[in-house]
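Read the structure below first, then the notes.
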């Protein structure tokens, strides 16, 4: 089996992309001191909204827009609850994750009269960048991908640089570092937390859209299957720094793509399914062994 | 939020006394959970109505489906499993930790029980199977404690990452090494007669396992309210640093709490497997969603042992009645998950009440 062929690189990028969008959302929230574990449910809602949007409008781009806007709205519950009303973001997130699971399953039955899987004939997926086909390297890696795949990496790096090098980025980091100090410098802490979390919701909408209209063209119940939790773990792994997120998420993408290959070779699916979680946890433990006492998350 | 309209609704407070009475009423500890349930049911009703269906018919179908005499036996057993999984959530919740790995602990308990009971049929099969389930699932749950204290990985994250690994491994074992020979279904062989949970007279779903779960709840109540450990749990839950300052070894407490939580979930898994159809079927322990129903019940009870049996009734009724509702009122059973989520969100947002109150006192 050849591992370093371009097709494998493409598969790794594809598997990493939805997780990367969600992880960027989580990292931004963490930077402003909101522990965001609602990524799983938001991504699931985004996937459903994208498929429903594409189905009703006939356009995948409209599906992406609907996923983006509606997931941002969905995240308002967490954003306003945690920032404005000082509710426990963990409990809200557990609730909204269950809510997303129940609501998407419910709507699947009510709107489309199916349960489990919705893949209507003619559902528009996001078009791939086929104009790259004939360019060496770029062609085999990105030619079959949607534009959302490179965008995820660009956004991540842009967000990392913005946080590090600009004044608004500094203010944002200050909130997570020391909210009282930020407030006394005139930063509206609750408002920034709210908008950052809502922006994270929009990113999770993109994660869901890429998952349901890019990686595949179908919605299945609970199709995020724990990717939102991998994203949370990735955020912890890189100590909330978006610049490092692509590395962590590519690691997950490699584990998943490698698992698919092993399955193709006859390895039992149950064990390859478990691998990304086990590997994520082991890597977390290993990095904590090295960096010892560094705290990654606001507790 | 509708819960709070009680505080704001009176346009001209007639007297200070009436206002004070309202204030006291709103502060009553039962107001928030009851309000959360009422609000969740109202939101559910709006969603059902928006789907073009009749909420009253749907809710009536839920109640009828769960509480008609013929299904009470089944509802009771579901209530027991929900209570058991609520314990698995509530014990760590008492000290402010979240155990979201109930699924993994549940299936490991089922696995241990089916292996031990299958290997040692006889009078001791059931107690040994329960013990094995408690040890395996308790040990698995306990892993999260050192991960939190040594490696600073929050318990909520490690339980969530460990759980799918356990589920996948058990699923693999059911499909390959432990699979029933000659069966196309992913399941283990049926347990022999003398390796099954003892029955209760005239009941077919509820059995002695239900009594085991009730005993676990009584133990939790006693430990929580009458022992030093229970006190320590609550102190750490209220203020971790104060607890540590007062000499409580938080790491050891977390180890015990997670082991107990895992053991509770494991025993639930064991009881399910030792009951009809007396085998471990891939996915069957997880599809009813006991873990999160139990989690919602524990949150609604605020982790308080005496309230868990009450709050579990709600989620057991929703779970059993949900299927009936789907059959007779054509409302998808996913409504049960949805309502669980809404109850949890509304509970979390109870801080809105505090914000309103402090907002008013500033005027």
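The values are calculated or read from the model by the stated rules, or taken from the named source; none is laboratory data. The structure displayed is predicted, hence computed values, not measured ones. Cβ: placed from backbone, ideal geometry, glycine included. Neighbour counts: every protein chain shown.
Of note:
- Of the residues examined, residue B:308 is one that is closer than 22 Å to residue B:141 by Cβ and surrounded by 22 or more Cβ atoms within 10 Å (Cβ to Cβ).
Each row is one residue, and each column tells you yes or no for (1) crowded, with 21+ Cβ neighbours inside 10 Å; (2) within 9 Å of chain A (Cβ to nearest Cβ); (3) on the phi > 0 side of the Ramachandran plot; (4) touching a helix residue (DSSP H, G or I) at 6+ places or on another chain (Cβ under 8 Å).
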residue	(1), (2), (3), (4)
B:300	yes, no, no, yes
B:303	yes, no, yes, yes
B:314	yes, no, no, yes
B:323	no, no, no, yes
B:352	no, yes, no, yes
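To keep it simple, each residue is scored yes or no on (1) more than 14 Å from chain B (Cβ to nearest Cβ); (2) touching a helix residue (DSSP H, G or I) at 6+ places or on another chain (Cβ under 6 Å).
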position	(1), (2)
A:95	no, yes
A:121	yes, no
A:125	yes, yes
A:150	yes, no
A:158	yes, no
A:174	yes, yes
A:180	yes, no
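- If only residues of segment B:166-180 that are surrounded by fewer than 22 Cβ atoms within 10 Å (Cβ to Cβ) and farther than 9 Å from residue A:270 by Cα are counted, the one that is farthest from the other protein chains (Cβ to nearest Cβ) is B:180.
- For the residues B:251, B:184, B:237, B:246, the requirement of being farther than 30 Å from residue B:281 by Cα and without any contact (Cβ under 8 Å) to a residue 12 or more places away in the chain singles out B:246.
- Total residues in segment B:90-131, condition under 28 Å from residue B:186 (Cβ atoms) and either in contact (Cβ under 8 Å) with a residue 24 or more places away in the chain or outside the structural domain of residue B:162 (by TED's automatic domain parsing) (or both): 26
- A single entry from A:109, A:133 fulfils the requirement of being facing chain B (nearest Cβ under 7 Å) and farther than 28 Å from residue B:156 by Cβ: A:109.
- Evaluating residue A:225 against the criteria (1) surrounded by fewer than 22 Cβ atoms within 10 Å (Cβ to Cβ); (2) over 15 Å from the mean Cα position of the chain (by Cα); (3) within 12 Å of chain B (Cβ to nearest Cβ); (4) modelled with pLDDT under 90 leaves one unmet condition, (2).
- Within segment A:228-250, if we keep just the residues that are within 14 Å of chain B (Cβ to nearest Cβ) and out of contact with any helix residue (DSSP H, G or I) (no Cβ under 6 Å at 6 or more places or on another chain), the residue that is surrounded by the fewest Cβ atoms within 10 Å (Cβ to Cβ) turns out to be A:239.
- Every residue from segment A:204-222 that is farther than 25 Å from residue B:167 by Cα and crowded, with 24+ Cβ neighbours inside 10 Å: A:204, A:205, A:206, A:207, A:209, A:210, A:213, A:214
- Of the residues B:308, B:281, the single one that is in contact (Cβ under 8 Å) with a residue 24 or more places away in the chain, more than 14 Å from chain A (Cβ to nearest Cβ) and under 20 Å from residue B:100 (Cβ atoms) is B:308.
- Residue satisfying condition, being within 16 Å of the chain's Cα centre (by Cα) and modelled with pLDDT of 95 or more, within set A:30, A:47: A:47
- Listed by position, the helices (runs of 4 or more DSSP H) inside segment B:51-150 whose residues that are at pLDDT 95 or above number at least 3 are B:69-94, B:102-119, B:125-142.
- In segment A:108-126, the residue that is farthest from residue A:61 (Cα to Cα) out of those that are touching a strand residue (DSSP E or B) at 6+ places or on another chain (Cβ under 7 Å) and surrounded by fewer than 14 Cβ atoms within 10 Å (Cβ to Cβ) is A:116.
- The condition of being surrounded by fewer than 20 Cβ atoms within 10 Å (Cβ to Cβ), over 30 Å from residue B:326 (Cα atoms) and either within 14 Å of another protein chain (Cβ to nearest Cβ) or touching a residue at least 24 places away in the same chain (Cβ under 8 Å) (or both) holds for only one of A:80, A:154, that being A:80.
- Residues located in segment B:305-321, provided they are in a helix (DSSP H, G or I) and over 23 Å from residue B:61 (Cβ atoms): B:308, B:309
- In this structure, residue B:262 does not qualify as away from chain A (no Cβ under 14 Å), touching a helix residue (DSSP H, G or I) at 6+ places or on another chain (Cβ under 6 Å) and surrounded by fewer than 21 Cβ atoms within 10 Å (Cβ to Cβ).
- Members of segment A:106-134 found to be within 25 Å of the chain's Cα centre (by Cα), without any contact (Cβ under 8 Å) to a residue 40 or more places away in the chain and within 28 Å of residue A:6 (Cβ to Cβ), listed by number: A:128, A:129, A:130
- Residue within segment B:237-248 that is within 14 Å of chain A (Cβ to nearest Cβ) and not in a helix (DSSP H, G or I) present: yes
- Whichever residue in segment A:280-290 is surrounded by fewer than 19 Cβ atoms within 10 Å (Cβ to Cβ) and without any contact (Cβ under 8 Å) to a residue 40 or more places away in the chain and, among such residues, is nearest to the other protein chains (Cβ to nearest Cβ): A:285
- Hey, residue A:41 modelled with pLDDT of 95 or more, part of a helix (DSSP H, G or I), more than 15 Å from residue A:214 (Cβ to Cβ) and within 12 Å of chain B (Cβ to nearest Cβ) or not: yes
- Residue match in segment A:252-263 (condition: under 16 Å from the mean Cα position of the chain (by Cα), on the phi > 0 side of the Ramachandran plot and touching a residue at least 12 places away in the same chain (Cβ under 8 Å)): no
- The lone criterion from (1) within 14 Å of another protein chain (Cβ to nearest Cβ); (2) surrounded by fewer than 20 Cβ atoms within 10 Å (Cβ to Cβ); (3) touching a residue at least 12 places away in the same chain (Cβ under 8 Å) left unmet by residue A:140 is number (1).
- Residues located in segment A:264-279, provided they are more than 9 Å from every other protein chain (Cβ to nearest Cβ) and over 19 Å from the mean Cα position of the chain (by Cα): A:264, A:265, A:266, A:267
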